[in-house]
Amino acid sequence: MGASGFLGSHVTRHLVERGDRVRVLLRHSSPTRPIEGLDVERLYGDIFDEQAVRAAMTGCDTVYYCVVDTRAWLRNPAPLFRTNVDGLRRVLDIAIEQDLRRFVFTSTIGTIAVGDARSPATEETPYNWNGRGGPYIESRRAAEALVLDYSREHGLPAVAMCVANTYGPGDWQPTPHGSLVAMAALGRMPVYFRGIGSAVVDVDDAAAAMLLAAEHGRVGERYIVSESFLTTREIYTAAAEAVGRKPPTLGIPPLLLVAAGRVGGVVRRVLRRDSPITPTSVQLLRWTSPLDHGKAARELHWQPRPTVDAIRRAARFYVERRTRRMEPSRAGTAG
């Protein structure tokens with residue numbers, strides 16, 4: 001479920017390449033380019049369509065749940081809770097009726113505590129940033145708690161994967177963090193955010209972790225899926241240099257970023273329009289930290305590669321995609 005998304009499409013591809021029989025549940029409006037050419041059985045519906053969800057799960061031994069609304073900037077958070085929590089609950093009610101071996105749930109590092117370079121946070125570190133991530137993070141925390149509750153109370157064989165920001169080719173939408181890498185690759189990112197970074201992972205390695213969780217993950221457990229912590233300067237520099245662009249040299253101080261978030265918050269209230277620059281989105285940029293993926297390494301035998309290489313591949317993907325888009329118009333002009 002969620003096979004047309006960035007992570008979901010990579011999970012689907014890994015399963016097909018491994019030789020598994022794969023069924024995907026897609027909305028009729030879902031972009032299918034990410035899974036183009038894959039030998040999968042397609043069913044259509046959404047997570048609120050109980051008949052479609054039941055048909056999708058029937059006969060399956062493992063469910064990979066990659067559905068999430070990531071629009072942290074919405075003025076009205078109701079859609080976040082409707083998809084991330086209410087829709088999930090309907091899926092879980094059906095899942096406990098099935099004879100599943102594993103239900104692999106895509107969670108987020110936003111449910112993990114904030115640590116530091118000397119003491120990276122683990123799955124067991126007490127949560128320490130309540131209320132600072134806004135409705136989006138609260139919806140994701142509620143979703144993860146719901147899955148683990150169903151595991152304890154209803155016997156759902158669930159594993160929760162706390163996935164960091166994913167990078168790599170095939171980010172067709174792109175994701176919010178991927179769009180910034182695309183800007184750097186296309187020479188449109190002259191600045192970086194000083195003193196700010198994020199936990200990162202190669203999207204292919206994140207997909208591999210999902211498959212490993214189905215094989216080795218302990219029911220009712222959470223696993224951090226994060227390879228390393230990179231600053232925004234390191235991320236945008238890697239992207240720019242991978243395609244021969246000049247990397248950003250101007251660092252925006254944190255206080256200026258906070259001010260921009262406040263201005264964005266005022267503008268969206270006055271204009272009554274959603275905007276990606278808000279006090280909450282700025283908080284999400286600032287409240288990230290190094291994380292310890294040792295549990296995933298020990299129990300899942302997960303061995304991630306350097307994410308900086310995935311960022312370089314992503315940069316080349318964005319440039320090639322733009323080149324392909326421009327080629328028809330250039331041909332028309334030449335004719």
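The values are calculated or read from the model by the stated rules, or taken from the named source; none is laboratory data. Since the structure is predicted, the reported quantities are computational estimates derived from the model, not experimental observations. In this analysis, Cβ positions are derived from the backbone assuming ideal geometry, glycine residues included, and neighbour counts consider all displayed protein chains.
Here are the numbers:
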{"item": "Residue list for the stretch 134-149, filter: crowded, with 22+ Cβ neighbours inside 10 Å and either at pLDDT 95 or above or in contact with a Gly (Cβ under 7 Å, 6 or more places away or on another chain) (or both)", "result": "Ile137, Ser139, Arg140, Ala143, Glu144, Val147"}
{"item": "Condition check for Thr125: outside any helix (DSSP H, G or I) and within 14 Å of Val67 (Cα to Cα)", "result": "no"}
{"item": "Count - residues of the stretch 84-127 that are basic (Lys, Arg) and at pLDDT below 95", "result": "1"}
{"item": "Residue among Arg305, Arg286 that alone is closer than 30 Å to Ala121 by Cβ, modelled with pLDDT of 65 or more and out of contact with any strand residue (DSSP E or B) (no Cβ under 8 Å at 6 or more places or on another chain)", "result": "Arg286"}
{"item": "Residue that is surrounded by the most Cβ atoms within 10 Å (Cβ to Cβ), among those in the stretch 94-115 that are assigned to a loop (DSSP other than H, G, I, E, B) and within 22 Å of the chain's Cα centre (by Cα)", "result": "Ile112"}
{"item": "Boolean, Val40 is surrounded by 13 or more Cβ atoms within 10 Å (Cβ to Cβ), out of contact with any strand residue (DSSP E or B) (no Cβ under 8 Å at 6 or more places or on another chain), among the β-branched types (Val, Ile, Thr) and at pLDDT 95 or above", "result": "no"}
{"item": "Residue among Ser9, Ser4, Ser30 that alone is surrounded by 15 or more Cβ atoms within 10 Å (Cβ to Cβ), more than 18 Å from Leu100 (Cα to Cα) and touching a strand residue (DSSP E or B) at 6+ places or on another chain (Cβ under 8 Å)", "result": "Ser4"}
{"item": "Breaking point among (1) within 22 Å of Met210 (Cβ to Cβ); (2) part of a loop (DSSP other than H, G, I, E, B), for Leu74", "result": "(1)"}
{"item": "Residue that is surrounded by the most Cβ atoms within 10 Å (Cβ to Cβ) [pool: residues in the stretch 206-220 that are out of contact with any strand residue (DSSP E or B) (no Cβ under 6 Å at 6 or more places or on another chain) and in a loop (DSSP other than H, G, I, E, B)]", "result": "Gly220"}
{"item": "The one condition in (1) closer than 29 Å to Pro174 by Cβ; (2) of a type in the set (Phe, Trp, Tyr); (3) more than 18 Å from the chain's Cα centre (by Cα); (4) crowded, with 17+ Cβ neighbours inside 10 Å that Phe48 fails to fulfil", "result": "(4)"}
{"item": "Tyr127 being more than 20 Å from His216 (Cα to Cα), buried (at least 24 other Cβ atoms within 10 Å of the Cβ) and among the aromatic types (Phe, Trp, Tyr)", "result": "no"}
{"item": "Strands (runs of 3 or more DSSP E) wholly inside the stretch 131-201 containing at least 1 residues that are out of contact with any strand residue (DSSP E or B) (no Cβ under 9 Å at 6 or more places or on another chain)", "result": "none"}
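Each row is one residue, and each column tells you yes or no for (1) of a type outside the set (A, V, I, L, M, F, W, C); (2) at pLDDT below 90; (3) surrounded by 15 or more Cβ atoms within 10 Å (Cβ to Cβ).
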site: Arg188; (1), (2), (3): yes, no, no
site: Asp204; (1), (2), (3): yes, no, yes
site: Arg222; (1), (2), (3): yes, no, yes
site: Ser228; (1), (2), (3): yes, no, yes
site: Arg245; (1), (2), (3): yes, no, yes
site: Pro253; (1), (2), (3): yes, yes, no
site: Val263; (1), (2), (3): no, yes, no
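Conditions (1) farther than 24 Å from Leu74 by Cβ; (2) not β-branched (Val, Ile, Thr), marked per residue:
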site: Asp116; (1), (2): yes, yes
site: Thr122; (1), (2): yes, no
site: Thr125; (1), (2): yes, no
site: Ala143; (1), (2): no, yes
site: Ala158; (1), (2): yes, yes
site: Thr166; (1), (2): no, no
